[in-house]
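Beneath this line is the structure, given in structure tokens, with notes to follow.
The values are calculated or read from the model by the stated rules, or taken from the named source; none is laboratory data. Predicted model, so just to flag it, every value in this text is computed and none were measured. When we count neighbours, we look across all protein chains shown, and the Cβ atoms used for this are built from the backbone with ideal geometry, even at glycine. Heads up: the accessible areas ignore ligands, DNA and RNA and are worked out on the full protein's heavy atoms, side chains in. Shrake-Rupley method; radii C 1.70, N 1.55, O 1.52, S 1.80 Å.
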Amino acid sequence: MSSAAHISPETSHDLLLSLAGVTKRFGALVANDAIDLTVHKGEIVALLGENGAGKTTLMNILFGHYVADEGTVTVARRDGGLEQLEPGAPQAALDAGIGMVHQHFTLAENLTGLDNIVLGTEPIFRLRRDRTKARAKLNELMAGSGLNVDLDQPVHKLTVGEKQRVEILKALYRDARLLVLDEPTAVLTPQEADSLFAILRKLAATGLAVIIIAHKLAEVLAVSHRIAVLRGGAKVGEMKTTDADHNSIAEMMVGREVPVSRRTAREPGKPVITLNDVTIDRGDSRRSLHGVSITAREGEILGIAGVSGNGQAALAQLIAGLDKPDSGSVEIFGDKIEKFDAHTFAQNGIARIPEDRHHDGMVGSMTVAENIAIEDVRSPEYQKFGFLDFDAIRKRAEHAITDYDVRCPGPDAPARLLSGGNIQKLILARVLEKSPRLILANQPSRGLDVGAQSEVHRRLLEARQGGSAVILISEDLDELLTISDQIAVIHVGHITPAMPTDAIDRSELGLMMAGQKAAPHAPHATKTTNPGETA
Amino acid sequence: MIRFEPRSNPGPFLIYGVPVLAATIAILLAAIPLALAGAPIFKAYGLMITGAFGSVFSVSEMLTRATPLILTGLAAAIAFRAKLWNIGAEGQLYMGAMAAVAIGSGVVDGPSWVMIPLIILAGMAAGALMLIGPTLLKTRLGVDEVVTTLLLNFIVLLFVQMMLEGALKDPMSMGWPQSEPIIDSAIFPPLLERMRVHIGLIIALGCAVALAVLVKRTVWGFEIRAVGENAPAARFSGISVTKTMVLVAALSGGLAGLAGVSEVAGTRGYLATDLSPGYGYAGIVVAMLARLSPVGVIASALFVASVFVGADSMSRAIGVSSYLADLIVAMALLCVLIGGFLTRFKVHFDRKSTAG
């Protein structure tokens, strides 16, 4: 049993969680360095930090997945007294009322929301299912918080935002008093994120404590009461949100000044890729396009805005050479493409940055060098008579590692050791080194920290300056509005005509993404509608 | 409480030492069934060692047994590398053997340097075709190759039986269902006078080295590794997954077919339905013991072959069931699987304690 360390209730009657001097080492790496953190009832604390700053390790210690080398985790019991949490015991964390919503949901897709929520809380051997009580409790929770979901739908039919609500309900159903959300907005549209924040504030008002792990500053400023910043495993700052400002936090996270990406004026050149009335019908709106016509020109970034699952995947597959149109045509530099094939596309100056960099972007067990050369191993530069020229492959990797600042043990290290930001740098190095004519960037900065994000933007702008055409598919409006020259909106497989970014109103864009507004011919038509209502 | 933490970088001891340790533990564990059978344990181990290594003859027998195991082990290793789960090496072996017999039993004649490559090519082609079919079904239609290749084993064996009762039947066999013998110029010459070990061993060793070079150093090998480790990423980067899979199928099926050729032309001299005592299935064990490394397959095939030959001879000498050999091989596989897990994860045994 764990030893109980009582602290006088007078000094800490609101205190719910206290981490004191938590240190965790992995070999030579200090993942957490004497971190102190407290959370009070009804408080929303944002835990900010770049990838690799130690956020996840800290939460793993809190949940008993890891045992801290030093330091203690103390939780308030339900009766108010404080008790040290047993290290390395996930069950103790659950019993203490700590609930977690992971970035990648842990739901059984074929079961309903209700099934998922009660799963594991019911006895295994039972003659009869009685869920009236569970349903009543959940209805009460939903009414109180605004977490409305149809609990009788199988989870795979729910939107991402709804799945997240199921996850939160799951934690609350188990009487969580502290809710930890790992990158909760990474998968949400701006409107969905706003409504999540409204819910969290409501929940906090009822006494729930919340920790949000995040790296998007604007959101953190909008929702949290207090901000703690981690860098390199140590806590480098903590402040009330009301005292915080955007730039100083960004610098605190990255440890240096963050360059702001800005477009410089540039006249677009000749069309590089033109889609003429392209239709791809796969029977499912996520994977279909209907009569799409777009053009990307030299020296221009064409942003494609849209809520996830509206045909972006189909568009990306087409431009990556992985799918071909059912009808309509694709012209690259005026030549009609007959052969849609990823290898041919990659060899003909199309740089492709995949949406899911872990899944499609790299082979984890192969080396960094092999992953950089993967598109080109058949070219005479890297092979002779079918035998690989490892010197050439390694030399290219060494260049790429220096030029793109890929943090890795070396060209021969397995790529799976790299962090998300470094994998993205590796992919940039792979595709941009060949001075591409067209760049397909599909969610290029999703899930990256501030530093890596600004690096991606800098590289894309640099390529634009050099005359490449860029098609930027993104769900991040800030990103689109910052670096695109033109923006088109994709909704259920239809794409609006491109509009110059300078003439676009943010809330109007939100409405078009939700399909409630056609592309304006006069860009300043209506600006009165509140985008929050469309979520 | 036991916890598992992934290791980031297993050292050389873990990679090479663990399989050896696992094999040793499996042999030591064999003492339990030996004791249960009432055999004198130390004498039994002694007999097993002399059975496999005690004389030139026993070594020759062991190497003869290792030859098809190397080939089917390589067949499984290369297929599993690409995540093509070929469970059909047994069937591919019989198809290879049948092709060798169809061509090598007198239909064509020529000098050895023509006939031996000819029946090898025929057998490899037959084995390859047996796997390319299921592979295309997998890549085109998503049909599970475990099911198709496994079931094809039975179909092939029945087909061989049918042919041995019909078109391929040897009229001189006095009614036994066996094929006409391979003609002399197509027979694999023995490596040692009056011993059974034959040039099939050299061919198998050559295949292992060639396959190791292919996997490590060539574009094909690069593509096979990429498709095996992460097919979506390989497809995205422009590697044709279907072409790579078909190539792997041809290599894997071809190697299994070659094992069949080597058995009919090197050991048996004719085809019968008891040509293989499950070499195709044992190849899977050999490949797993070798962690899918082509050169490692040589070592693990020698291990499995010496267990089989040693246990065979021991069981005859002291009257224990020769199934003991299967038991040791199975235990070695289990030990290697556990060892593989321990290579990837660090195990912590925590005392329930307070943090400090």
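Values computed for the structure shown
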{"read-out": "Counted residues, the range B:305-332 - those being in a helix (DSSP H, G or I), open to solvent by 10 Å² or more (accessible area, probe 1.4 Å) and in contact with an Asp or Glu (Cβ under 7 Å, 6 or more places away or on another chain)", "value": "1"}
{"read-out": "Spans of helices (runs of 4 or more DSSP H) in the range B:1-90 with at least 1 residues within 14 Å of chain A (Cβ to nearest Cβ)", "value": "B:56-81"}
{"read-out": "Verdict on A:Leu460 being outside any loop (DSSP other than H, G, I, E, B), modelled with pLDDT of 90 or more and assigned by TED's automatic domain parsing to the domain that holds A:Val272", "value": "yes"}
{"read-out": "Those residues of the range B:217-238 which are out of contact with any strand residue (DSSP E or B) (no Cβ under 9 Å at 6 or more places or on another chain), surrounded by fewer than 21 Cβ atoms within 10 Å (Cβ to Cβ) and more than 19 Å from B:Ala128 (Cα to Cα), in sequence order", "value": "B:Arg225, B:Glu229, B:Ala231, B:Pro232, B:Arg235"}
{"read-out": "Which numbered condition B:Phe222 fails, given (1) under 20 Å from the mean Cα position of the chain (by Cα); (2) of a type outside the set (Gly, Ala, Ser); (3) more than 20 Å from B:Arg140 (Cα to Cα)", "value": "(1)"}
{"read-out": "Residue within the range A:350-365 that is of a type outside the set (A, V, I, L, M), more than 8 Å from chain B (Cβ to nearest Cβ) and not in a loop (DSSP other than H, G, I, E, B) present", "value": "no"}
{"read-out": "Among (1) among the aliphatic types (A, V, I, L, M); (2) away from chain A (no Cβ under 14 Å); (3) over 16 Å from B:Ala22 (Cα atoms), the one test that B:Val347 misses", "value": "(2)"}
{"read-out": "Unique match (being open to solvent by less than 30 Å² (accessible area, probe 1.4 Å) and touching a Gly at 6+ places or on another chain (Cβ under 6 Å)) among B:Val285, B:Val241, B:Val261", "value": "B:Val261"}
{"read-out": "Residue in the range B:84-106 that is open to solvent by 50 Å² or more (accessible area, probe 1.4 Å) and out of contact with any helix residue (DSSP H, G or I) (no Cβ under 7 Å at 6 or more places or on another chain) present", "value": "no"}
{"read-out": "Residue list for the range A:76-97, filter: touching a residue at least 60 places away in the same chain (Cβ under 8 Å) and open to solvent by less than 10 Å² (accessible area, probe 1.4 Å)", "value": "A:Ala76, A:Leu82, A:Gly97"}
{"read-out": "Residue list for the range A:328-349, filter: among the charged types (D, E, K, R) and either open to solvent by less than 20 Å² (accessible area, probe 1.4 Å) or not in a strand (DSSP E or B) (or both)", "value": "A:Glu338, A:Lys339, A:Asp341"}
{"read-out": "Residue within the range A:307-321 that is over 27 Å from the mean Cα position of the chain (by Cα) and more than 10 Å from every other protein chain (Cβ to nearest Cβ) present", "value": "no"}
{"read-out": "A:Ala214 vs. criteria surrounded by fewer than 18 Cβ atoms within 10 Å (Cβ to Cβ) and within 25 Å of A:Phe63 (Cα to Cα)", "value": "no"}
{"read-out": "Residue list for the range A:233-249, filter: in contact with a strand residue (DSSP E or B) (Cβ under 9 Å, 6 or more places away or on another chain) and within 11 Å of A:Val220 (Cβ to Cβ)", "value": "A:Thr241, A:Ala244, A:Ile249"}
